[in-house]
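> I have a structure I would like to understand better, so I am pasting it below and will then ask my questions one at a time.
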Amino acid sequence: MKKLQGHAMQLLPAMAMIVGSSTLFAQGVVTATISQPPATAAAGASMNITETVWNSGTGTGGGGTQTLYLVPTGGTSGAAIAVGSRSIPSLSGGGLSTATTAVTIPASVSAGTYVIGAGGNSCGMGCLKSTGAISVSAATVSSFPLSLQLNMQYGTQGTISVDNPSTGAHIASCTSSCTSNIPAGNSVRVAIAYASLSTVFQGWSAGSNTGCAAGTAPCVFTMNSAKQVAANFTAASNGAPVTVTVYVMGPGTVSGGWETGALQHQNFNNCNATSAPGCVTSGPAGTAFAISATPGTVPASGPFGQSHAATFTGFTGCSGMPQGTTSLRLVPTSNVTCVAHFQ
């Protein structure tokens, strides 16, 4: 080994490398040098490693693949992980092949101490390792995937919508199978945005890593890991109608409409606190229905009071997909009662 190292140093006097030897490809063909890795790196980071293969024999050798490994050391557990490779040309006796290879530390690797190795089988016998070690820190997760799946019977149509529960900002819509990357720690609200006349939303699928529990109500959850949401739709069996009833509390009005032209005669406008017994409409189960609130005016109170614009404070008694701050989109599968509150 000392003799080999001496030859390598004579052949490579200008290279500030780690010098040793490892058996590679054929008798006499060895990894002679490998460069130092950086002292620190995060999981998922890339770096360049330069190594030299030397044919120390007199005959022709080489003509294979050089593999680079991330090798745990200093008490870090685990097996060597292949992180890069390059082709080695055929080398005549005494010939050298030097190359720089970009290697990437897997994002899933555990934090710990590692060295870079070259050659050998899984960096076992004959693998040359760097003397300098890398302190690898865990990868920083900036986002998690949100997977949406619609389970549809033949002939049914539906849409899942995702928004920000605080601002109402739209994030994504899905009609079959979709994935969106959501910033880690962000909250999302998932709801059914649309179901066709022939479709009934039956509820969410419960299970591990699901954002939505069983049921049909919109759900809000925090993206602290990868999440899956599955919505189940069936064909409407008999088109049985459902009833939507809206009551108004306070100075304001509500308008409502079915999202299909065939039911436009069932829409209503300017439903107010004097509308009795509320405003009522009917349509097939699973059909989208939108309601929108418009604040009115609070009359003057007392001899010195002044009238002022009312404030809409929200809907109660029903749940759906908010469309801004004053509108709500419902996909009722049974009778629904909504109360609009103004003050």
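Where a number appears in this text, it was derived from the coordinates with a stated rule and is not lab data. Bear in mind that the values here come from a model prediction, so they are computed numbers and not experimental data. FYI the Cβ positions are ideal-geometry reconstructions off the backbone, even for glycines, and counts take in every protein chain you see.
> Can you give the relative contact order of the chain as a percent, counting alpha carbon pairs under 8 Å and 6+ residues apart?
About 12 percent, as a whole number.
> Still on this model: Counting other beta carbons within 10 Å of each Cβ, put PHE289, PHE342, PHE144 in order, fewest first.
In order of increasing Cβ crowding within 10 Å: PHE144, PHE342, PHE289.
> Next up: Give the angle, between 0 and 90 degrees and rounded to the nearest 10, that separates the Cα long axis of helix 2-11 from the longest principal axis of the Cα atoms of the chain.
80
> Taking the alpha-carbon centroid of each part, what is the distance from region 90-154 to region 320-343 in angstrom?
Between the Cα centre of region 90-154 and that of region 320-343, the gap is 52 Å.
> Sorted from fewest to most neighbouring beta carbons within 10 Å, what does the list MET125, MET249 look like?
The most exposed by this proxy come first: MET125, MET249.
> Would you work out which of ASN232, VAL331, PRO183 lies farthest towards the positive end of the dipole of the chain, given +1 charges on the beta-carbon of Lys and Arg and -1 on that of Asp and Glu, about the Cα centre?
PRO183
> Between SER187 and SER122, what FRET efficiency follows from the Cβ-Cβ distance if R0 is 41 Å, with the result rounded to 0.05?
So the FRET efficiency works out to roughly 0.40.
> Stretched out fully, how many nm does the piece from ALA206 to ASN164 gain, at 0.36 nm a residue minus the Cα gap?
The span from ALA206 to ASN164 would gain 12.9 nm if fully extended.
> Now a separate question. Roughly how large, in nm² to one decimal, is the mean projection of the convex hull of the alpha-carbon atoms in region 143-235?
Value for region 143-235: 5.3 nm².
> Measure off 7 Å from each Cα along the Cα-to-Cβ vector at THR313 and ASN151, then give the distance between these two points in nanometres to one decimal.
In this crude spin-label approximation the distance works out to 4.0 nm.
> Cut-off 10 angstrom, C-alpha nodes, Gaussian network model of the chain. Which of PRO332, PRO218, PRO299 fluctuates the most?
PRO299
> Suppose R0 equals 25 Å. What FRET efficiency, 1/(1 + (r/R0)^6) with r the Cβ-Cβ distance, do ALA42 and THR100 give to the nearest 0.05?
0.75
> Please give the contour-minus-distance gain from SER173 to SER87: 0.36 nm per residue of separation, less the Cα-Cα distance, rounded to one decimal in nm.
Stretched out fully, the SER173 to SER87 stretch lengthens by 26.4 nm.
> OK, next. Counting other C-beta atoms within 10 Å, which of ILE81, ILE34 has the fewest, and how do the rest follow?
ILE81, ILE34
> Let's see if you can work this out: charge +1 on each Lys and Arg Cβ, -1 on each Asp and Glu Cβ, no other charges. What is the dipole magnitude of the chain about its Cα centre, in debye to the nearest 20?
With Lys and Arg at +1 and Asp and Glu at -1, about 680 debye.
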